[in-house]
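Here is the structure we will look at, set down as C-alpha cells.
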C-alpha cells in the first residue's frame, strides 16, 4: 500500500469517514430532539457505527439532512475499501488474464538496476510490460506497481512462468538477471515455447545480457542466431561493453582509424567487470588501429596501460593470458594498491611518477563513494589537465556535482552506468545498435581528425548528443549490412574475444558492395524527399549524386569504395568480422 494513489485514497477515505461520522452524530441527535426522545452520547455513537452496516438508518419521523447524507454515504465507505482491497489482491491477475487476448507486450526477466531502468524506459514509450522477478522484496517492485506493470513472482528460466507471461504472444523478451546462465536458460526455454507460435506474428525478439565476452562469442555461433525461418530472434548484449565505449569516448579516445602518430599512456583504476571491459575495449581498439596502420604502411607507436587494483597482482596472470592476442606493442603495468590508502597516488608509483605523462585515467569502481574518493585523489595528484573519466551508477548525486565542475571536482568526467547509451536502445537494438554506433564512432573520429567541429557539422558529436535522424540513418545502414554481404557471398561473424582479422575485399565484391550501398543511400534519400539537382541545396533537398550508379561520377564511386574498404575495421570495433561463406 505504498503506492501514491493508495496513500491519496487513504487520506480521502479518512476525510470522508470523519465527515460522515460527524454528520451522522449531528443527524441522530437532531432527529431524537425532534421526536422528543432522550439519547446518551454512547447511544448516538452506537447508532452511527451501525449506520456503516446499513442497520440504523431507517428511522421514523423527521430525518435531518445531515442524517440523510450520512445514511446514504456511510455504506459506500466500507464498500469502497473492499473494492480497493480486492483490486490490490487481484489486479495483477486480472491484467494477466486480459493479456491473453492481446499481442505485442514486452517481458523483462530480472529487476536489478539494468532491468529496473529498462522497465521505466519501456513504460515511458508506451509499451505493455510484464516483469518476472524471483525476489518478492525487490525494492524495484514498488516502482513497477506505480507504472501498472504486471508482476510475476518466480524464476524466468521456469517454463511455467514464461507461459504465465504469455511468451507465445509477446513481442520481446529481455533477460537481465545478474547470472549469465539464468539469462541463457531463459532464452532456451522461451525458444522451445514459441515453436508453436502463430506464424502470422513476427518472431519473438529475445535479448539476453551476457557479461563474459568469451561465452558471448561461443553462444553467437549457435543455430539460434542463424536460422531466419525460426519464430525466435536471439541477440546477446553486454552493458559493460557499451559503457566502456562511452568511457573511451568521454576521454577523447575514439578508436584508431589509422595514422597513429603519438604513443598513448592510460591508467585503469578498478578491475571488476566494468574495469575489464574498459581494458578489453582499449586493447581491441588498439589492435584494430595497429592492423589498419600496418596495412597502410604507417608507424605504430606503443600503448602503455597501468592497471591499479587492490588485487592487481593476483589478477595479472589471468589478464595477460586472456588478452594475450591483443598485447603486441602493448605494455601492461599492474599496481596493487587500495584507493582508500593514504599513499594511493604517491609519486613513487608507476601511475603517478612526475616524469611520466598520462593521457587519460579511467575510474571503474561500481561503488559511487569509492569512485569519488579515487577520482578526487587522482585529481589532486594530476590536476585538471588530464581527462579523468569516472564510472558512476547514475548521472545524479556525485555525478551531478562533477558535471557542475569547479573546485576540486573540475576536470572529472562522470558517466552514469545506468544512463549510458540509453538502456532501451541498447537492449531493443542489440547488434544493430552496436554496429550503428561503431559506424558513427569511426565517422566522428575521422571528422575531428580532419578539423571538423560541432559548429561546422551537427553530426560531429558523440552518439549521446546526436540528432535522432542521424542515429536512424546509422541504424538503417547497420540493418542493411547483413543482406548486402549475403549478396556477395560474405557473412558477418561475431568475434568479441578473437584476434583481429581484417578482411581484404577482392575487386568484384568491393564494387558490388559499393554499388549496393549507393542504391540503399539513394532509396533512403528519395524517401526523405530529396531530389536530383546540379548543386547541393540542403534547404531545397537537392543533391547532384542522386543518380543511378552508372551515372555517378568516378570520384563519388571511389568514395563509396573507400567506405566499403573501411568496413572491416569499423565492424571489428563492434566485435564482428567479415568472412567468406564456404560452399557446403
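The values are calculated or read from the model by the stated rules, or taken from the named source; none is laboratory data. The model shown is predicted, which means the values in this text are computed figures rather than measured ones. In this analysis, Cβ positions are derived from the backbone assuming ideal geometry, glycine residues included, and neighbour counts consider all displayed protein chains.
For the range 15-30, state whether one or more residues are outside the structural domain of residue 143 (by TED's automatic domain parsing), closer than 30 Å to residue 144 by Cα and at pLDDT 75 or above. Within the range 15-30 (the criterion being outside the structural domain of residue 143 (by TED's automatic domain parsing), closer than 30 Å to residue 144 by Cα and at pLDDT 75 or above), the answer is yes, since at least one residue qualifies.
Screening the candidates 298, 316, 311 for the property of being farther than 20 Å from residue 388 by Cα and out of contact with any strand residue (DSSP E or B) (no Cβ under 8 Å at 6 or more places or on another chain) yields one hit, 298. Considering the range 435-470, the residues that are under 23 Å from residue 213 (Cβ atoms) and modelled with pLDDT of 85 or more include one that is surrounded by the most Cβ atoms within 10 Å (Cβ to Cβ), namely 437.
Scanning the range 456-478 for residues that are part of a helix (DSSP H, G or I) and more than 19 Å from residue 563 (Cα to Cα) turns up 463, 464, 465, 468, 469.
When the strands (runs of 3 or more DSSP E) confined to the range 50-169 are screened for residues that are in contact with a strand residue (DSSP E or B) (Cβ under 6 Å, 6 or more places away or on another chain) and at pLDDT below 90, those reaching at least 1 such residues are found at 150-153. Every condition in (1) surrounded by 14 or more Cβ atoms within 10 Å (Cβ to Cβ); (2) closer than 28 Å to residue 215 by Cα is met by residue 516 except one, and the failing one is (2).
Listed conditions (1) assigned to a helix (DSSP H, G or I); (2) modelled with pLDDT of 90 or more; (3) within 24 Å of the chain's Cα centre (by Cα) are all met by residue 173, apart from (1).
Looking only at the range 486-513, count every residue that is part of a helix (DSSP H, G or I) and over 14 Å from residue 568 (Cα atoms) and tell me the total. If you could, list the steps in order and put the result at the bottom.
Of the residues in the range 486-513, the ones part of a helix (DSSP H, G or I) are 486-487, 507-513.
Right, trim to over 14 Å from residue 568 (Cα atoms) and you get 486-487, 507-508, 511-512.
Total meeting the criteria: 6.
Of all residues in the range 472-490, those that are surrounded by fewer than 19 Cβ atoms within 10 Å (Cβ to Cβ), within 17 Å of residue 434 (Cβ to Cβ) and touching a helix residue (DSSP H, G or I) at 6+ places or on another chain (Cβ under 7 Å) total 3. Residues in the range 226-236 that are surrounded by fewer than 23 Cβ atoms within 10 Å (Cβ to Cβ) and either at pLDDT 85 or above or closer than 16 Å to residue 184 by Cβ (or both): 3 in all.
Looking across 326, 334, one residue alone is touching a strand residue (DSSP E or B) at 6+ places or on another chain (Cβ under 6 Å), surrounded by 16 or more Cβ atoms within 10 Å (Cβ to Cβ) and at pLDDT 85 or above. It is 334.
Please work out if residue 568 is within 27 Å of residue 235 (Cβ to Cβ), more than 34 Å from the chain's Cα centre (by Cα) and surrounded by 14 or more Cβ atoms within 10 Å (Cβ to Cβ).
Values: within 27 Å of residue 235 (Cβ to Cβ): yes; more than 34 Å from the chain's Cα centre (by Cα): no; surrounded by 14 or more Cβ atoms within 10 Å (Cβ to Cβ): yes.
So residue 568 fails the test.
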